[in-house]
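Okay, so here's the structure we're looking at.
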Amino acid sequence: MKFSYNSLVQKVDTYLRNKRSTSRTWSALLPEKLFTPALWLWEPRSVAVGSAWGVSWALAPVPMQTIFAVLCSIRTRGNIPMSVLTCWISFPGYQVILWPLQWWIGAWFLSSLGLSSGVDMELIRAAAQAAPEGLSATLAVFGQVNLLILSLELLLGCLITCAALGASVYALIRLIWRK
């Protein structure tokens, strides 16, 4: 008996639709669009879109990144397995490097517009030196920092890096798939 990926997707879709209509299971709680066969096919555009959403949300400093990647893939008709797989490329330890980089990118962009939170490398060095003395000493170093602008710098840096990596992955997959 010979099976193809498409026939398997159709059989699973049919099974889940029948199961949903006959009983209240976990699949009844999931959106109906999640089981659309087009979202599970390996086509150039859908794989590129799903991968782009996955890596974009992998960089975002939010919990439950996979859920957001799947919801965005459903909305833009991206491949769901690829959005999940590429979202899982991240591991918790990389955030130690990524968040300062994202803040730096956002701070650089806002400083070109004339806005600054007051955080610079000298202030970060002073905070690191005050850290052994306790939390109150560390927070005292940040007394002159505008926390609203600091948050805006981090948010903007996150948006820029997520969008840039997502667009790069989309373009790379479309380029590779053409060959």
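Could you list, in sequence order, all residues of the stretch 88-111 that are out of contact with any helix residue (DSSP H, G or I) (no Cβ under 8 Å at 6 or more places or on another chain) and among the hydroxyl-bearing types (Ser, Thr, Tyr)? Working first, answer last.
Restricting attention to the stretch 88-111, the residues satisfying the condition of being out of contact with any helix residue (DSSP H, G or I) (no Cβ under 8 Å at 6 or more places or on another chain) are 91-97, 100, 108, 111.
Those that are out of contact with any helix residue (DSSP H, G or I) (no Cβ under 8 Å at 6 or more places or on another chain) and among the hydroxyl-bearing types (Ser, Thr, Tyr): Tyr94, Ser111.
Collect the residues in the stretch 128-158 that are in contact (Cβ under 8 Å) with a residue 24 or more places away in the chain and either under 17 Å from Leu59 (Cβ atoms) or not in a helix (DSSP H, G or I) (or both), keeping them in residue-number order.
Answer for the stretch 128-158, where residues must be in contact (Cβ under 8 Å) with a residue 24 or more places away in the chain and either under 17 Å from Leu59 (Cβ atoms) or not in a helix (DSSP H, G or I) (or both): Val145, Asn146, Glu153, Leu154, Leu155, Leu156, Gly157, Cys158.
Within the stretch 38-75, which residues are under 15 Å from the mean Cα position of the chain (by Cα) and polar (S, T, N, Q)?
Ser51, Ser56, Gln65, Thr66, Ser73
Any residue at all in the stretch 147-158 that's surrounded by 13 or more Cβ atoms within 10 Å (Cβ to Cβ), modelled with pLDDT of 90 or more and polar (S, T, N, Q)? Break it down into steps so the answer makes sense when it comes.
So in the stretch 147-158, the residues surrounded by 13 or more Cβ atoms within 10 Å (Cβ to Cβ) come out as 149-158.
From the residues that got through so far, the ones that are modelled with pLDDT of 90 or more too are 152-158.
Pick out the ones that are also polar (S, T, N, Q) and you get none.
No, there is no match, as no residue in the stretch 147-158 is surrounded by 13 or more Cβ atoms within 10 Å (Cβ to Cβ), modelled with pLDDT of 90 or more and polar (S, T, N, Q).
Which one of Ile105, Ile124 is aliphatic (A, V, I, L, M) and at pLDDT 90 or above?
Values: Ile124 fails: at pLDDT 90 or above.
Checking each option against the conditions leaves just Ile105.
The values are calculated or read from the model by the stated rules, or taken from the named source; none is laboratory data. Note that the structure is predicted; figures quoted are calculated from it, not measured. FYI the Cβ positions are ideal-geometry reconstructions off the backbone, even for glycines, and counts take in every protein chain you see.
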